[in-house]
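Chemist: First the structure, which I've put down as structure tokens, then a few questions once you've had a look.
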Amino acid sequence: MTSDQLSKLYPVLENQHISLSPFGEGLIHETILVECTDHKYILQGFNDAVFQFPDRIDHNLSLLYTQVEQNPLPFQLPLPILNRWGSGLSDCEGKKYRLFEFVQGKTLQQIDGLDQAFLAAQAYGEFADWAKVIDAHQMQETIPNFHRLDLRYEKLVEVTGSSKNLNEEESGILDFYLSQKPLIDWYLTQLENLPLRVMHNDTKINNLIFSENLEKVEALIDLDTLMGGYLMYDFGDLVRTVACSLPETATQWDSIQLISEVFAELLKGYWDGIKGFSTLAESRSILLGGEVMTLMMGLRFFTDHLQGNIYYRVSYPEQNFHRAKNQMIFLQSQQEQRERLNQIWEKITGLG
């Protein structure tokens with residue numbers, strides 16, 4: 001897209017001197033920094049190969065505009081700037097684009113202090129509290145069945161039926177994942193009892209922008225997975241990605257474990273956001289949210305390994321197998337520490 005085309009699409013850019021330059025990694029969307037005389041924006045070229053329903057994303061985000069205006073969050077929630085036709089999604093030469101306010105700050109790939117775990121979880125909890133007035137049933141699925149643990153389990157069972165000649169280690173890991181049926185059954189009972197909420201659904205630490213001194217959250221970003229879900233999803237993915245001693249690509253098997261001190265800070269922060277509205281069933285469910293999300297990702301990694309790495313990008317052939325092993329060890333660590341985590345949960349929530 002040229003600067004002239006951009007200024008014709010967006011009234012905020014009319015009569016501005018505009019320069020365009022690539023920005024960031026751009027792993028999913030094409031990302032361009034738009035610089036004007038005294039303002040900066042981010043232009044995204046939409047990747048509809050990954051997100052096949054951009055109109056659903058635009059619909060979901062459109063439900064937030066009024067709430068943002070009437071009840072601002074303590075941090076920024078950058079929504080697409082509306083074009084001259086009042087839409088957050090613009091078409092140009094057969095491609096879809098979105099324009100956002102640029103947010104100055106730092107992003108983290110992993111925490112280097114417990115305070116960052118608290119701040120991250122608190123921000124996601126505050127978002128859940130803020131979004132509770134929005135009818136989650138109006139949200140459309142941007143990625144169908146994204147967090148349906150039972151369907152991920154069923155898919156592994158299906159793929160296993162046509163997989164032959166597994167080696168001893170593969171068979172052992174498969175047996176572990178198949179042995180998680182009790183957690184699947186518990187998950188299904190939760191779906192019957194938990195209210196559907198508007199969830200971020202991808203609560204990694206790098207989907208927050210911190211201040212330059214890392215003392216507060218400036219913005220919550222990457223809202224493409226925003227849709228209906230459950231509190232245990234967002235808190236669980238925080239546990240999975242922040243409370244593990246090593247990232248999901250690590251292969252130092254003996255060093256992979258849950259760090260209970262980080263879990264406690266995550267829970268303190270998230271509880272600070274949700275305690276005013278969370279039902280008892282929801283409050284209890286978040287305790288096993290980390291197990292749910294870790295199992296789900298382990299199932300997905302192992303299924304993709306058995307199918308020949310058709311979904312997740314790999315840098316070597318065994319990487320999805322190693323990711324699945326990583327998640328298995330982390331899930332085992334969580335399950336071994338259930339009693340300790342329950343004690344932390346009781347102390348922080350004040351619930352029996």
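The values are calculated or read from the model by the stated rules, or taken from the named source; none is laboratory data. Keep in mind the model is a prediction, meaning the values are calculated, not measured. Quick reminder, even Gly has a Cβ in these numbers, built from the backbone with ideal geometry, and neighbours come from all protein chains shown. In case anyone asks, the SASA skips ligands and DNA or RNA and just uses the protein heavy atoms, side chains included. Shrake-Rupley method; radii C 1.70, N 1.55, O 1.52, S 1.80 Å.
Chemist: Count, please, the residues in the range 179-195 that happen to be open to solvent by less than 60 Å² (accessible area, probe 1.4 Å) and either aliphatic (A, V, I, L, M) or touching a Gly at 6+ places or on another chain (Cβ under 7 Å) (or both).
Modeler: Total meeting the criteria: 4.
Chemist: Right, E126: open to solvent by 30 Å² or more (accessible area, probe 1.4 Å), at pLDDT 95 or above and not β-branched (V, I, T) or not?
Modeler: Yes.
Chemist: Also, I was wondering about something else. Please verify whether the range 23-31 includes one or more residues that are in a loop (DSSP other than H, G, I, E, B), within 19 Å of the chain's Cα centre (by Cα), surrounded by 15 or more Cβ atoms within 10 Å (Cβ to Cβ) and at pLDDT below 95.
Modeler: yes
Chemist: Moving on to the next point. So Q140 ticks every box in (1) open to solvent by less than 60 Å² (accessible area, probe 1.4 Å); (2) part of a loop (DSSP other than H, G, I, E, B) but one. Which box is left unticked?
Modeler: Exception for Q140: condition (1).
Chemist: Additional query: Being open to solvent by 70 Å² or more (accessible area, probe 1.4 Å), of a type in the set (K, R) and under 20 Å from the mean Cα position of the chain (by Cα) is true for just one of K8, K106. Which residue is that?
Modeler: The unique qualifying residue is K106.
Chemist: Report yes if T142 is more than 23 Å from the chain's Cα centre (by Cα), closer than 24 Å to V292 by Cβ and among the polar types (S, T, N, Q), otherwise no.
Modeler: no
Chemist: Let me ask something additional. The conditions are (1) under 14 Å from Q110 (Cβ atoms); (2) free of Cβ contacts under 8 Å to residues at least 40 places away in the same chain; (3) of a type in the set (S, T, N, Q), and N206 fails exactly one of them. Which is it?
Modeler: (2)
Chemist: Now, a different point. Restricting to the range 68-86, give me the number of residues that are open to solvent by less than 30 Å² (accessible area, probe 1.4 Å) and β-branched (V, I, T).
Modeler: Within the range 68-86, residues that are open to solvent by less than 30 Å² (accessible area, probe 1.4 Å) and β-branched (V, I, T) number 1.
Chemist: Residues that are within 21 Å of L194 (Cα to Cα), at least 3 per element: which helices (runs of 4 or more DSSP H) completely within the range 224-343 meet that?
Modeler: Values: elements: 231-242, 260-274, 280-285, 289-306, 319-336.
Result: 231-242, 260-274, 280-285, 289-306.
Chemist: List the residue pairs whose Cβ atoms are under 8 Å apart, where the first residue sits in the range 1-21 and is more than 14 Å from Q44 (Cβ to Cβ), the second is assigned to a loop (DSSP other than H, G, I, E, B) and hydroxyl-bearing (S, T, Y), and the two are 6 or more positions apart or on different chains.
Modeler: Filtered contacts from the range 1-21: Q16/T37; H17/T37.
Chemist: Right, something else. Within the range 172-190, count every residue that is under 22 Å from the mean Cα position of the chain (by Cα) and without any contact (Cβ under 8 Å) to a residue 12 or more places away in the chain.
Modeler: Qualifying residue count, the range 172-190: 0.
Chemist: Out of N201, N213, report the one residue that is assigned to a loop (DSSP other than H, G, I, E, B) and at positive phi.
Modeler: So the residue among N201, N213 that is assigned to a loop (DSSP other than H, G, I, E, B) and at positive phi is N201.
Chemist: Take the conditions more than 27 Å from S283 (Cα to Cα), in contact (Cβ under 8 Å) with a residue 60 or more places away in the chain and among the β-branched types (V, I, T) and apply them to V159. Does it pass?
Modeler: Working: more than 27 Å from S283 (Cα to Cα): yes; in contact (Cβ under 8 Å) with a residue 60 or more places away in the chain: yes; among the β-branched types (V, I, T): yes.
So V159 fits the description; yes.
Chemist: State whether the residues of the range 48-66 include one that is in contact with a strand residue (DSSP E or B) (Cβ under 7 Å, 6 or more places away or on another chain), touching a residue at least 12 places away in the same chain (Cβ under 8 Å) and over 18 Å from V133 (Cβ atoms). Spell out the reasoning first.
Modeler: So in the range 48-66, the residues in contact with a strand residue (DSSP E or B) (Cβ under 7 Å, 6 or more places away or on another chain) come out as 48, 54, 60.
The next check asks that each one be touching a residue at least 12 places away in the same chain (Cβ under 8 Å); those that pass are 48, 54, 60.
Filter once more, so that each one left must be over 18 Å from V133 (Cβ atoms): 48, 54.
Checked against the condition, which is being in contact with a strand residue (DSSP E or B) (Cβ under 7 Å, 6 or more places away or on another chain), touching a residue at least 12 places away in the same chain (Cβ under 8 Å) and over 18 Å from V133 (Cβ atoms), the range 48-66 yields at least one hit.
Chemist: For the range 41-58, which residues satisfy the criterion of being open to solvent by 60 Å² or more (accessible area, probe 1.4 Å) and either modelled with pLDDT of 95 or more or assigned to a helix (DSSP H, G or I) (or both)? Steps first, answer last, please.
Modeler: Residues of the range 41-58 that are open to solvent by 60 Å² or more (accessible area, probe 1.4 Å), as a first pass: 48-50, 52-53, 55-56.
D55, R56, listed by residue number.
Chemist: Here's a follow-up. Tell me, which residue of the range 87-103 that is among the hydrophobic types (A, V, I, L, M, F, W, C) and over 22 Å from T203 (Cβ atoms) is most open to solvent (accessible area, probe 1.4 Å)?
Modeler: To start, the set of residues in the range 87-103 that are among the hydrophobic types (A, V, I, L, M, F, W, C) comprises 89, 92, 99-100, 102-103.
With the extra rule that they be over 22 Å from T203 (Cβ atoms), the set shrinks to 89, 92, 99, 102.
Details: L89: 20, C92: 16, L99: 0, F102: 49 Å².
Out of the qualifying residues, it is F102.
Chemist: Under 6 Å between Cβ atoms, which residue pairs at least 6 apart in sequence (or on different chains) link something in the range 330-342 that is touching a residue at least 12 places away in the same chain (Cβ under 8 Å) and open to solvent by 40 Å² or more (accessible area, probe 1.4 Å) with a partner that is polar (S, T, N, Q) and assigned to a helix (DSSP H, G or I)?
Modeler: Listed pairs, sorted by first residue: R340/S260.
Chemist: Can you find a residue that is open to solvent by 10 Å² or more (accessible area, probe 1.4 Å), under 17 Å from Q190 (Cβ atoms) and in contact (Cβ under 8 Å) with a residue 40 or more places away in the chain anywhere in the range 287-306?
Modeler: Yes, the range 287-306 has at least one match.
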